[in-house]
Amino acid sequence: MTAGGDAPGGREPGVPGPAGAQPDAPGPAGRATGGPAAAGPRPAGNDPGAAAPVTGPPGPASQPATPPGADVGTSPAGTVTPVLALEHAAKSFGAVRAVVDGTIELLPGEAHALVGENGAGKSTVVKILAGVHQPDSGSLLIDGQPVTLHGPADAQDAGIAVIYQEPTLFPDLSIAENIFMGRQPLVAGRRIDRRRMHAETAQLFTRLGVRLDPGRISRGLSIADQQIVEIAKALSLDARVIVMDEPTAALSAAEVARLFEVVRTLRAAGAAVLFISHRLEEVFEICQRVTVMRDGRHVLTSELAGLTADDLVRAMVGRQMEERTAGERATPGDRVLLVEHLTREGVFTDISLEVRAGEIVALAGLVGSGRSEVARAVFGIDRYDAGRVVMRGRELRRASPTAAMAAGIGFVPEDRRQQGLVMDMSVQQNVALASLSRLRRGGLIRSAAERAFAADWAVRLNLKYGQLIDPVSRLSGGNQQKVVLAKWLGRSPALLIVDEPTRGIDIATKAEVHRLLARLAQDGVAILMISSELPEVLLVGDRILVMREGRLTAEFGHAGASEEKIMAAATGQLSEQAS
Amino acid sequence: MTTAVTQRQEPAGAPPGAGSRRLTERVFRIRESGIIAVLLVFVAVTTSIQPSFLNEQNLQFLLINTTVFALLALGETMVVVSRNVDLSIGSVLGLSAYVSASLFGPHPGIPVPVVFLVGLGIGLACGIGNGLMVAIGRVPSLVVTLATLYIIRGIDILVVGGNEVVAQSLPNSFTNIPRATVLGIPYLAIAIAVVIGVGAYYLRSFRSGRELYAIGSNPEAARLAGIPVGRRVLVAFTVSGGIAGLAGVLWAAQYQTIDSTAGTGYELTVISAVVVGGVAIFGGSGSAVGAAIGALLLSSINSALNVLGISSLWLEAISGFLLLVAITLDRVISVRLQAALRRRSAGVGT
């Protein structure tokens, strides 16, 4: 361990914290961040006045989609050709317009931040730059020359390396092969030079300050280690443009510090780094310029030096923050769900929790920390090795979704396309799917009853659709999610488990889903919500549990929680203070 | 690093004195070790019951019987490793066997290499057809090759009609191919062993070979890594088809009586051999050598049942049972390994 893995208490400048912290002291890049500061206009609970109404982005660059170059006052931009420029790119997936105006410009030697809320279109822009998606319109310039990337190989050849948000490794292959796949060093006769490949991998890891065995099969690596492998892969490309989509999400403070050193080295060598992060103080620490996106549109591009975190948040959000007033919070009633010492070997360990009627319990943590697996075990999809699940005083049979449903549990899974919906079936069939026993007569489903049932829920949830008999795949993501919710609400569940209920949903619908969850809680439904979005966790959760690597590491009441505390518990820093 | 791997800091060429734990781990990691152990135990048990199992004649017979299967297993391995499957090889073999061997009737003097080229050509054409439909048509390979299994067999039946090639029409230079030996070992077995060695080496040490594993391990990641997925899959099917074509000619030389049923059901035997040999059925791992050993094991079972005087009626049931055992073992080992790795990376650090 070169760097502090065994000293979790060691906080240092640059420790990742919550987005929105540090609203004061706008400064040049590389400034140190101090201790926990008051959160910015995030709904941290007791300060509704902090939510500033937005009147257009501040600062020198107030025009959306400013022409490249014009928004940068300093000398280099006027003369230097951008390494890469994406101009007014648009990309739709079916009815969903993921990116309407994707505009970004990277200068050699700069670290450029791309920020925006989830669903703002950042990841789609990344995939356009990676050659994965071809934009419907707009242009991509490399060194001022228009290019078309037909696939990821083209992007690599053009010198663009991408670190994806979710690691994309080959589990059966060694770490070294993962890094050098398709570009393995060769010896005479075009054979792979395994020894050199391992040596070069070891060098990359030395540069990153981590110790991993290059020959190890990558199956079973922790999320953080997988992310390290991805970073090493991008470094090995010697790319001129390096896109990092939330590279720090799973990393510890020491690893983040290492990564930033590497970013500085890359910049010094003239490469451009596109840095995507939700942690704004990281953005201020490492980047020189920033581009903000909102609802698929470019909002502003500017030097960071003149901006504050507040300015960025306002540009990202572009509206009043959602609030959940104290009056909307129901008083928790009887215990509905009790989970005791639930363990599934190698996946999660000794999970105990309870959810009361009218209470929304948010389960936070990093992707891969075992949250979804716990939910799946509670609902009986996966087995567990020890512990028990008690629903309204009755112990549930293991591994039986039927028993869970009969006991009054509804489950809205993380992946609605694969697990939540039958995409080729109609809207009404999907809504009715979990309530068929009530809609049939003599073993046959009554189509009229099904239609009435679905139409009723469509109105209640404000579902936007063409016809109830259209395939559900035609709806937008947010409306698809409403269909999944309707499917379970139709059964009047006592406990609703929702896994990432607003992933990939536009902001307006997201707020609707939040209000809906609050209303259900008021009606006495117990809700267990898994979410990776800290603002959502803080906004919706009455109680917040944090998981890390398969264990519950912290519990916060609604008032005592902050993004920083949750993040610390989720990444294992400050593990003593938590809980 | 929170998830330390302190004890795993060894370069690839680790010194031999690294301790017994390392050694067992290494053996554990070689997927073929299980199947080799099963083969050795099987041979030992059979020989102790019936020593004639290991006499020269029986061993020669065993090797010759294995060659066609082992060759087919090489092609199938390339396909399976990329998370695909080729079910058409039995039909390709049948068509190639009949068409190539029937050339000797009207053209008794035709050079043997030309006959092999014809068989190879038939196989390549079938393989390219399969590959194009999978790679470009994006149809699942199970569906495509299930269809071509019947289509090619249908063509075979049309071509053969009620005829058959009989041994008398085949020249000695052709029928002697499986019989020639050096130091008691059939030439053909040596040649096939070399071919399999080359194939295994290709899969292990060349970029395009490794990319097949990458595609099988995580197709989406392979695309993101810029691997030409379609082209690689096309090549795998083409090679598998070509090999099935060649195997058809060898089959004709070996059995000498060829009608429209030649090679029926071979695809499943070969896939069994591949899976028994440690190639993961969902792609990403396994080797051509393992698959060849799998073929050898299945042939040995066949031969042992003969030698032991057990009715060959038992053969299918027993090979099916062994297949189940092998797949279960494979699954158990990989689950254990995964859990062990996870525990190790979770246990350290904090």
Residue by residue through segment A:482-494, the couplings from Karplus 6.51 cos²θ - 1.76 cosθ + 1.60 with θ = phi - 60°, in Hz, x for Gly and Pro, are 5, 4, 4, 4, 4, 4, 7, 4, x, 9, 6, x, 7
Most exposed to least, judged by fewest other Cβ atoms within 10 Å, A:287, B:126 sort to A:287, B:126
Spelling it out for residue A:344: with amide H atoms placed in the peptide plane at 1.01 Å from N, the residues 5 or more places away or on another chain with amide H under 5 Å from its amide H are A:349, A:350, A:385
Applied in sequence order to segment B:284-299, the curve 6.51 cos²θ - 1.76 cosθ + 1.60 (Karplus, θ = phi - 60°) yields integer Hz couplings, x standing for Gly and Pro, of x, 8, x, 9, 5, 5, x, 4, 5, 5, x, 5, 4, 5, 5, 5
Neighbour-count ranking for A:341, A:514 (other C-beta within 10 angstrom, fewest to most) reads A:341, A:514
Within 10 Å of the Cβ of an average residue in A:173-184, the count of other chain Cβ atoms is 4
Counting sequence-distant residues (5 or more places) and residues on other chains, those with an amide H built under 5 Å from that of residue A:113 are A:275, A:288, A:289, A:290, A:291
Counting sequence-distant residues (5 or more places) and residues on other chains, those with an amide H built under 5 Å from that of residue A:365 are A:547
Fraction of alpha-carbon pairs in segment A:364-504 farther than 25 Å apart, rounded to whole percent, equals 31
Expected vector for segment A:476-481, Karplus 3J(HN,Hα) from phi with 6.51, -1.76, 1.60 and θ = phi - 60°, integer Hz, x for Gly and Pro, equals 6, x, x, 6, 4, 5
Footprinting proxy, A:558, A:112: sorted fewest to most Cβ within 10 Å, the residues are A:558, A:112
Computed about the Cα centre, the charge dipole of segment A:134-225 from +1 Lys/Arg and -1 Asp/Glu charges at the Cβ has a magnitude in debye, to the nearest 20, of 600
Quick calc, segment A:131-287, dipole around Cα centre from Cβ unit charges on Lys, Arg (+) and Asp, Glu (-), nearest 20 debye, gives 720
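Computed from the coordinates by the stated procedures, all read-outs in this text should not be read as laboratory data. None of the values given here were measured: they were computed from a predicted structure. Using ideal geometry, Cβ is built from the backbone for each residue, glycine included, and neighbour counts are taken over all protein chains shown.
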